[in-house]
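Notes for the one structure printed next.
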């Protein structure tokens, strides 16, 4: 199981990096968070159960490590530079200048959301998890996930210059 586990973990790294970047707000800290999560997963490979979704398991590790860091940071008083926040489609679609501008607007707007809304939005809208999977990762009721997602979307619309009627 260890070789397969490692291969699957490596495959997940881009998704973990996107999720971590949506949480911490900058690429360097996100990469550190993903590295710590991967190290923790490799140290605790015996706790991974066959049949468990590895992505959900890893998102949970990333989130828990981030929460631990955030608790420690409260005493240090760290800040997030929203200009360093990173949200990318990895060059898949945002090739036109207006697409890159919209991606930058979304990145900035997401960084202003409360943490709970940002987590839910990142897992559902960026990583493609279902409501149920997101609820499992964040240890929340599905209704709370739906509520946070709805509030996040509603908060983003005016920040992106969109009205309710233009939403697709």
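Subtracting the Cα-Cα distance of residue 160 and residue 64 from their residue separation scaled by 0.36 nm leaves 31.5 nm.
Using 0.36 nm per residue and subtracting the Cα-Cα separation, the extra length available between residue 108 and residue 5 on full extension is 33.6 nm.
Each reported figure results from applying straightforward, stated rules to the coordinates on display, with no laboratory input. Keep in mind the model is a prediction, meaning the values are calculated, not measured.
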